[in-house]
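The values are calculated or read from the model by the stated rules, or taken from the named source; none is laboratory data. All of these numbers come straight from a predicted model, not from anything done at the bench. Heads up, the Cβs are rebuilt from the backbone with ideal geometry, glycines too, and the neighbour counts pull from every protein chain shown. Surface areas here come from the heavy atoms of the whole protein model, side chains and all, with no ligands, DNA or RNA. Shrake-Rupley method; radii C 1.70, N 1.55, O 1.52, S 1.80 Å.
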Amino acid sequence: MIVVCGEALIDMIQNGDGTQRAAPGGGPFNTARALARLGAPTAFLGRLSTDKFGRELSDLLVADGASLQLASVGPEPTTIALADVDTEGLAEYQFLVKGTSAPNLTTEMVPVQLGHEVNAIHLGTLGLVLEPMASTLVELVRREREGRLVMLDPNIRVGLADDTEYRDRLKTLIAESTIVKASDTDLAWLYPKRSYASAAEQILGEGVRLVVVTLGADGAFSAYRDLRLHVQAPPVEVVDTIGAGDAFGAGLLAWLHDHSLIEPSPSLTEGDLRSALSYACLAASLTCARAGADPPWKREMGGEGPG
């Protein structure tokens, strides 16, 4: 089972006519949904609200096939993100977090020990920014990473925490991860004045087994051992990019799951890596073709999917 750790929230998306619509979101929430839709056994570990939005988020996770056995629930109102989508479908966010559900994940709310069936941990986005959630998840990874695959998706969100502290936390977690999946923009913030390829080399040098860099419409780049691969994204008419990076990460993990490669040190051929990246790019492209974070189901992945 893959445990996805972090926030679930509501995106308030600006419509073209000046109105807003509420859409479920949060990087880890989107990732858990996408993994479950792609057929990977998935559990969400985060804090959910008992309010109307919180019940909606819970119901969607369950409907897609994700387990809530590791989630906690409380009376805090659901965390809100204000999403501003530009004419090219790219989204920028502001967050309303004080006193809300997602940040309020404390060590007392997570299991004392993860079960033996858990073979992968995924974390990122606000889960590495907002306290006490960030410290809770860092401690969880340090305690539970032995013998498991750890995938980190920084999905950088600036302005919510001290930059130096945030950068240090991310670099500490990078060194404890099996896979780091990041956008070229993420890496430009983490490693200023370095190209994304140079940053990937540095991350490999930290002991990470696989580094994957998403490049938007230009696909993805990966660094694994001596392999350096670039895979193109399928062309698609973009509605918006909300949840696309999350679907990409889920697609990568789902492909590894389907090929029995969820391991602390997965052994990949060049063909494996190319197929995994192509599968992930397809998942992201299908998400871009529809509004909001609406990841594809396995049946929609066509001939790209395994089995």
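Comparing mean-square fluctuations of 96, 210, 140 from a GNM of the chain with C-alpha springs under 10 Å, the top value falls on 96.
In this structure residue 269 has an accessible area near 80 Å², from a 1.4 Å probe over the protein heavy atoms. Model label sites at residue 300 and residue 143, defined 7 Å from Cα along the beta-carbon direction, differ in position by 3.7 nm.
A simple spin-label model places pseudo-atoms 7 Å from Cα toward Cβ; at residue 206 and residue 20 they are separated by 3.4 nm.
Counting pairs of alpha carbon atoms under 8 Å apart in space and at least six apart in sequence, what relative contact order in percent does the chain give?
Across the chain, relative contact order equals 17 percent.
DSSP finds beta bridges in the chain, and of those with both partners inside it, around 45 percent are antiparallel. Roll a 1.4 angstrom probe over the protein heavy atoms and tell me the percent of accessible area of segment 137-194 that is carbon or sulfur. Accessible surface attributable to carbon and sulfur in segment 137-194 totals 42 percent. A straight Cα-to-Cα reach below 20 Å connects residue 298 with none of the lysines, residues fewer than 8 places away in its own chain not being considered. Counting only residues at least eight positions apart within a chain, or on another chain, the aspartates and glutamates with an alpha carbon under 20 Å from that of residue 193 are 163, 165, 168, 184, 201, 206.
Entry comment: accessible area of the chain is 40 Å² per residue, from protein heavy atoms only and a probe of 1.4 Å. Highest mobility in the GNM of the chain, judged by mean-square fluctuation with C-alpha springs under 10 Å and restricted to 142, 274, 290, is found for 142.
Shape analysis of the chain places it in the rounded category; the axes a ≥ b ≥ c from the Cα gyration tensor give an a/c below 1.5.
Quick check: Cα centre of segment 5-56 to Cα centre of segment 158-177, how many Å? Using only Cα atoms, the two centres lie 23 Å from each other.
Please label the shape of segment 206-277 as rounded, prolate or oblate, based on the square roots a ≥ b ≥ c of the eigenvalues of the alpha-carbon gyration tensor (a/c under 1.5 means rounded; beyond that, a/b larger than b/c means prolate, else oblate).
prolate
Here the contact order of segment 129-196, divided by its residue count and restricted to Cα pairs under 8 Å and six or more residues apart, works out to 37 percent. The GNM of the chain, with springs linking C-alpha atoms under 10 angstrom apart, assigns the highest mean-square fluctuation among 176, 165, 263 to 165.
What percentage of the solvent-accessible surface of segment 227-307, computed with a 1.4 Å probe over protein heavy atoms, is contributed by carbon and sulfur atoms? Carbon and sulfur together cover 52 percent of it.
List residues of segment 33-50, by number, whose backbone nitrogen lies under 13 Å from a label position 7 Å along Cα→C-beta of residue 73. Output list for this probe position: 47-50. Straightening the chain between residue 259 and residue 171 buys 28.8 nm, computed as 0.36 nm per residue apart minus the Cα-Cα spacing.
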